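Below is one structure, written out as structure tokens; comments come after it.
The values are calculated or read from the model by the stated rules, or taken from the named source; none is laboratory data. Every value quoted in this text rests on a predicted model; they were computed, and no experiment measured them. All Cβ positions, even for glycine, are placed from backbone atoms using ideal geometry, and neighbour counts span all protein chains on display. The accessibility values were calculated without ligands, DNA or RNA, using every heavy atom of the protein model including side chains. Shrake-Rupley method; radii C 1.70, N 1.55, O 1.52, S 1.80 Å.
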Amino acid sequence: MNLKSIVAACALAFTSAVSAADLSNWEKIEEGAQGQTVYFNAWGGSQEINAYLRWAGDELKKRYGVTLQHVKVSDIAETVNRLVAEKAAGKNKGGSVDMVWINGENFKSMKSNDLLFGPFVESLPSWSIVDKSLPVKEDFTEPTNGLEAPWGVGQLVFIHDEKTLANPPASFNEMLSLAKAFPGKITYPKPPAFHGTSFLKAALLELSMDTAPLYKPADQADFNEVTAPLWKYLDELHAVAWRKGKQFPAASAETMQLLDDGELLLAITFNPNAAETAVKNGTLAPSAKAFAFDKGALSNIHFMGIPWNANAKEGALVAVNFLMSEEAQARKANSDYWGDPAVVKLSDSKPLFKSQPEPHPSWQGALEQEWLKRYGQ
């Protein structure tokens, strides 16, 4: 290591140490946040989520003088790659990203590459009201180590219209039988879109005789043997799927539109309250209902992280803490706004579906690559 690198490393260590020490002085953090602009890189594909973040931005500005700038991204992996590039270039302060909405593979990547500030989570005032019965200290089997703050609960569920499908399938095998009985009426989003990859993971978990290998790194398993039931299933499903498995919806929202248009019998979402929200905003008919398969819904916690080189660390801390507050969590959980389940205990919290834990994050990329090789046209 040359002298320049040593000086840079020492400067970074000093900055981190000062920041860590200041975490106990919340009043000082709020003072430092005044006037800061927080660039929050988060998925921008939902009008409800975007509107919720605009509300949060208005509240943060009014209460703390913090400007929350929602940087809409289609895939947070793009943000992670940019941060990797900043790290490689030695940009250890004044970074382009102040907050990220992450979990799973993206958290694992950021943690492994030392791209996250912290630990900070248990120093937040709002941490005291978080529901610790939820797996808020683990992300796709990976310990969070206080490097990301819980924001909400995701569950992979399906939506049907009771008027056109009174008895929805209770398993992936029943879904296949339904697809064979009604050709062209079943599909799922195209991987590597989030909902498409989640469909693959959920199907593999249900179809596997032994799920233990899926909760360990993928390179420790015989990939072909473990995943064989999935490809056999998809070969059968695609033969009778929407557009004969040659085309796939781009995202969850498209499956909802196709359901509403009568082209599909099922839509897919990672929000157990999405059907209720869609009914309220007129996107789906009043007869639309969410359901999960009998073995449970693929479930996870989604989180907020702060990059190590964030330009507005104080502002980001204040924003994260506010988004975890009872007020912000209650509004987020309300299906009039977003309908995303809370990570704090609310008096009117709705029960979640039976849970199926996420596999190890390494399976995500491995499944996507194999799917694209087989079906990606």
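Selection within region 269-296: residues that are out of contact with any Pro (no Cβ under 7 Å at 6 or more places or on another chain) and assigned to a strand (DSSP E or B). The member of this set that is most open to solvent (accessible area, probe 1.4 Å) is Lys289. Region 36-122 holds strands (runs of 3 or more DSSP E) entirely within its bounds, and those carrying 2 or more residues that are within 30 Å of Lys216 (Cα to Cα) map to 37-43, 99-102.
For (1) polar (S, T, N, Q); (2) assigned to a loop (DSSP other than H, G, I, E, B); (3) touching a residue at least 60 places away in the same chain (Cβ under 8 Å), each residue gets a yes or a no:
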{"residue": "Ser126", "(1), (2), (3)": "yes, no, yes"}
{"residue": "Pro135", "(1), (2), (3)": "no, yes, yes"}
{"residue": "Trp151", "(1), (2), (3)": "no, no, yes"}
{"residue": "Phe158", "(1), (2), (3)": "no, no, yes"}
{"residue": "Ala170", "(1), (2), (3)": "no, yes, yes"}
{"residue": "Pro183", "(1), (2), (3)": "no, yes, no"}
{"residue": "Lys190", "(1), (2), (3)": "no, yes, yes"}
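Whenever a residue of region 251-264 is within 15 Å of Ala241 (Cβ to Cβ), its partners that are open to solvent by 40 Å² or more (accessible area, probe 1.4 Å), lying with C-beta atoms within less than 8 angstrom and at least six residues away or across chains, give the pairs Glu263/Lys185; Leu264/Lys185. Counting the residues of region 322-377 that are closer than 21 Å to His195 by Cα, open to solvent by less than 40 Å² (accessible area, probe 1.4 Å) and among the hydroxyl-bearing types (Ser, Thr, Tyr) gives 2. Number of residues in region 238-250 that are part of a helix (DSSP H, G or I), over 25 Å from Val279 (Cβ atoms) and either within 21 Å of the chain's Cα centre (by Cα) or in contact (Cβ under 8 Å) with a residue 12 or more places away in the chain (or both): the value is 5. Note on region 137-149: among residues that are modelled with pLDDT under 95 and assigned to a loop (DSSP other than H, G, I, E, B), the one that is farthest from the chain's Cα centre (by Cα) is Thr141. With respect to (1) open to solvent by 10 Å² or more (accessible area, probe 1.4 Å); (2) assigned to a loop (DSSP other than H, G, I, E, B); (3) not hydrophobic (A, V, I, L, M, F, W, C), the lone exception for Lys232 is condition (2). The residues of region 88-115 that are in contact (Cβ under 8 Å) with a residue 40 or more places away in the chain, open to solvent by 20 Å² or more (accessible area, probe 1.4 Å) and either closer than 21 Å to Pro361 by Cβ or among the small types (Gly, Ala, Ser) (or both), listed by number, are Gly90, Gly94, Ser96, Trp101, Asn103, Glu105, Lys108, Asp114.
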